[in-house]
Amino acid sequence: MRTITEEELKTIQLVNKQQNKLEILNYGAAILSFIIKDKKGKPTNVIVSPKATEFVKPVYKSHNKCFGASVGRYAGRISGGKFKLDDQTYELQQKDGVHLHGGDYGFPYKIWKIEEQTSGENPSVKLSYLSEDGEEGYPGNLKATVKYTLTEENEILIEYTASSDKKTVVNLTNHAYFNLNGEGSVSDHFLQISAKKILKVDDQMLPTGDLVKLKNQPKDFSQSKLIGNRPLDDSFVLINDKNENAAVLFAPLTGIKMEIKTNQPALVAYVPEELPNDLEYKTLISEKYPSICLEAENFPDSPNFRNFPSSILKPGDLYYNRISLNFKVVS
């Protein structure tokens, strides 16, 4: 894997008429920051991310936190580091029997090509990456694209597409870390997720194939409740209702609310207890529970479970993942 230099890094700024600003990095097609005014009119960066130059340092790769990145070819875990398609087994990069987030050098560690950019009303940028046949063990030449649009209503629309010349598997998502206070901890945030079940996992965080009912359980976020001092790393099975929010995150301190809608079957909620302290961040973060990821995607390890939604992409078909992050400010 070649070394990527600072000179190759490019940032794209999307600014709407309210002067709220979304910043995208071509490394990993990552969300670098989103600055929106809080209930007091104070500009607040709600994305927890290192500074752009940190992304190409060896220490960034060593932590494998995928800050704001577009994750693929397969977001989440694949058991045994392998899967079977049409009686052929494909061996993937793995560590201790787990393939994670597309492999050792998956999409978060690639320079994506900036295809097009628009300004003015509802500014957008489209980036692409061509993953060659056999990369990280996956079959097919896969062309992946992501389009970020910042609307005048303060919605960040993320649209992933992918096509392949061979039958393959694909599961893309965005791995942004949110803190709606712009600093400190997310322990005072309220979270609601439209799900009645989560995936049961083993001690390697791999799905067993079973679904666990959430009613009256500590991880039941079907009604908005305080995140508190608790780490999370769970795949929530979303209620299939296109008109309903998949999740709502709210910070009373700033009045900033984020509503998520998606066409995906699952939402991974990840609240790390801590983040690496040897990176230089764009915001001040707490030592404990500094952020939350809400990743809209297919089930982890779907290629190895027939009862999970299919992740197979055939030649001539188009993969499409639509994620809407709608920001509002409550007085």
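The values are calculated or read from the model by the stated rules, or taken from the named source; none is laboratory data. Since this is a predicted model, take the numbers as computed values, not measurements. Heads up, the Cβs are rebuilt from the backbone with ideal geometry, glycines too, and the neighbour counts pull from every protein chain shown. These accessible areas exclude ligands, DNA and RNA; they are computed on the full protein's heavy atoms, side chains included. Shrake-Rupley method; radii C 1.70, N 1.55, O 1.52, S 1.80 Å.
Tabulated values for the structure
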item	result
Wholly enclosed strands (runs of 3 or more DSSP E) of region 4-81 bearing at least 2 residues touching a Leu at 6+ places or on another chain (Cβ under 7 Å)	11-15, 21-25, 30-37, 77-79
Residues located in region 201-223, provided they are touching a residue at least 12 places away in the same chain (Cβ under 8 Å), open to solvent by 60 Å² or more (accessible area, probe 1.4 Å) and within 24 Å of ARG306 (Cβ to Cβ)	GLN204, MET205, LEU211, LYS213
Every residue from region 160-200 that is open to solvent by 40 Å² or more (accessible area, probe 1.4 Å) and either outside any loop (DSSP other than H, G, I, E, B) or over 24 Å from GLU115 (Cβ atoms) (or both)	SER163, LYS167, GLU183, ASP188, PHE190, LYS196, LYS197, LYS200
Selection from region 279-305 of residues that are in a loop (DSSP other than H, G, I, E, B) and under 26 Å from HIS99 (Cβ atoms)	LEU279, SER291, ASN298, PHE299, PRO300, ASP301, PHE305
Tally, over region 139-159, of residues that are part of a loop (DSSP other than H, G, I, E, B) and more than 14 Å from TYR74 (Cα to Cα)	5
Identity of the residue in region 306-315, in a loop (DSSP other than H, G, I, E, B) and touching a residue at least 24 places away in the same chain (Cβ under 8 Å), that ends up farthest from ALA195 (Cα to Cα)	PRO315
Yes/no for GLU273 being of a type in the set (Asp, Glu), over 19 Å from ALA75 (Cβ atoms) and touching a Pro at 6+ places or on another chain (Cβ under 6 Å)	yes
Test for GLU136: is it of a type outside the set (S, T, N, Q) and in a helix (DSSP H, G or I)	yes
So ILE114, is it in contact with a strand residue (DSSP E or B) (Cβ under 8 Å, 6 or more places away or on another chain), open to solvent by 10 Å² or more (accessible area, probe 1.4 Å), modelled with pLDDT of 95 or more and farther than 30 Å from ASP38 by Cβ	yes
Conditions (1) surrounded by 16 or more Cβ atoms within 10 Å (Cβ to Cβ); (2) under 30 Å from THR168 (Cα atoms); (3) in contact (Cβ under 8 Å) with a residue 40 or more places away in the chain; number of the one not met by PHE250	(2)
The one condition in (1) touching a residue at least 12 places away in the same chain (Cβ under 8 Å); (2) not in a strand (DSSP E or B) that LYS261 fails to fulfil	(2)
Residue within region 269-278 that is touching a helix residue (DSSP H, G or I) at 6+ places or on another chain (Cβ under 9 Å) and surrounded by fewer than 19 Cβ atoms within 10 Å (Cβ to Cβ) present	yes
Which numbered condition THR53 misses (of (1) modelled with pLDDT under 95; (2) surrounded by fewer than 16 Cβ atoms within 10 Å (Cβ to Cβ))	(1)
PRO231, sole failed condition from (1) in contact with a strand residue (DSSP E or B) (Cβ under 8 Å, 6 or more places away or on another chain); (2) under 21 Å from GLY76 (Cβ atoms); (3) surrounded by fewer than 20 Cβ atoms within 10 Å (Cβ to Cβ); (4) at pLDDT 95 or above	(4)
Residue check, ILE35 farther than 27 Å from GLU135 by Cα and open to solvent by less than 20 Å² (accessible area, probe 1.4 Å)	no
Selected residue (criterion: nearest to the chain's Cα centre (by Cα)) from residues of region 91-125 that are part of a loop (DSSP other than H, G, I, E, B) and charged (D, E, K, R)	LYS110
Subset of region 126-147 that is buried (at least 23 other Cβ atoms within 10 Å of the Cβ) and on the phi < 0 side of the Ramachandran plot - its residue that is nearest to the chain's Cα centre (by Cα)	VAL146
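One line per residue, one yes/no per condition, for (1) within 17 Å of the chain's Cα centre (by Cα); (2) open to solvent by 10 Å² or more (accessible area, probe 1.4 Å):
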position: PRO43; (1), (2): no, yes
position: VAL46; (1), (2): yes, no
position: GLY68; (1), (2): yes, no
position: ARG73; (1), (2): yes, no
position: GLY81; (1), (2): no, no
